[in-house]
Amino acid sequence: VNDVTRRFNQLMAGLDHPMIIVTTAAGGVRAGCLVGFHAQGGIDPPEYAVWLSKANHTYRVGALAEAFAVHFPSSDQRDLAELFGGSSGDDVDKFERCRWTSGPDGVPLLDDCPNRFVGRRTAWLDAGSDHVCLMLRPQQAEVGPEGIDHLLWLGEVLGIEAGHGAEERQRPRTVDAADR
Ligand SMILES: Cc1cc2nc3c(=O)[nH]c(=O)nc-3n(C[C@H](O)[C@H](O)[C@H](O)COP(=O)(O)O)c2cc1C
């Protein structure tokens, strides 16, 4: 890690933001993961940007999908964050371990996360990094009876070890050989 990265990481460590759980489905396969990289990216029309790691099962299923649900879990739902952020759809069926209802295009809507929206993909931007930027246009949105005052913040999930590290993205064996 060089000096720029170290100082950049220091700046990023000063930020806190709510965690989201992004779900999708394609070809009858459901996927979803915990996401910390996300932000509103347009006003009129409204757009939302989500960055998916190329290492994730959700990225691979999402590449074939158009509809995505973005859930805002509440501060007492660390267990749900652990399920979606600490395990991978490559190894377990997360949707056998939580309550959900099928939404548009079969996208699983998490019953315990009433704060959520479903968006259609408007762009899938690959700038060559370890994440892609998925742009979503909200098609339906819901706010739960308890409102949005108690979201689950990054600072509350720091101990969760990601099911896939970003460095696990597919690399051609020939590139790895050349790096050695
Ligand atoms: C605090 C935290 C933040 C994360 N942020 C992101 C993120 O912004 N984008 C992403 O694609 N994965 C992110 N992850 C990683 C995935 O949630 C994790 O690797 C998950 O197990 C992948 O599941 P999948 O393989 O079923 O898609 C984060 C994980 C944690 C613990």
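The values are calculated or read from the model by the stated rules, or taken from the named source; none is laboratory data. These figures come from a predicted structure and were not determined experimentally. All Cβ positions, even for glycine, are placed from backbone atoms using ideal geometry, and neighbour counts span all protein chains on display. Calculation scope for accessible area: heavy atoms of the full protein, side chains included, ligands and nucleic acids excluded. Shrake-Rupley method; radii C 1.70, N 1.55, O 1.52, S 1.80 Å.
Rundown of residues vs (1) farther than 17 Å from residue 62 by Cα; (2) of a type in the set (Val, Ile, Thr); (3) open to solvent by less than 50 Å² (accessible area, probe 1.4 Å); (4) free of Cβ contacts under 8 Å to residues at least 60 places away in the same chain, yes/no style:
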{"position": "83", "(1), (2), (3), (4)": "yes, no, yes, yes"}
{"position": "97", "(1), (2), (3), (4)": "yes, no, no, yes"}
{"position": "120", "(1), (2), (3), (4)": "no, no, no, yes"}
{"position": "126", "(1), (2), (3), (4)": "no, no, no, yes"}
Of the residues 65, 39, which is surrounded by 18 or more Cβ atoms within 10 Å (Cβ to Cβ), within 16 Å of the chain's Cα centre (by Cα) and more than 9 Å from the ligand (Cβ to nearest atom)?
65
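Let's see how each residue does on (1) touching a helix residue (DSSP H, G or I) at 6+ places or on another chain (Cβ under 8 Å); (2) not in a helix (DSSP H, G or I):
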residue	(1), (2)
22	yes, yes
25	yes, yes
31	yes, yes
34	yes, yes
39	no, yes
42	no, yes
51	no, yes
55	yes, yes
59	no, no
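The rows are residues; the columns are (1) farther than 16 Å from residue 130 by Cβ; (2) open to solvent by less than 80 Å² (accessible area, probe 1.4 Å); (3) at pLDDT below 95.
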| position | (1), (2), (3) |
| --- | --- |
| 1 | no, no, yes |
| 19 | yes, yes, no |
| 24 | yes, yes, no |
| 33 | no, yes, no |
| 47 | yes, yes, no |
Without any contact (Cβ under 8 Å) to a residue 24 or more places away in the chain and assigned to a loop (DSSP other than H, G, I, E, B): is that true of residue 163 in this structure?
no
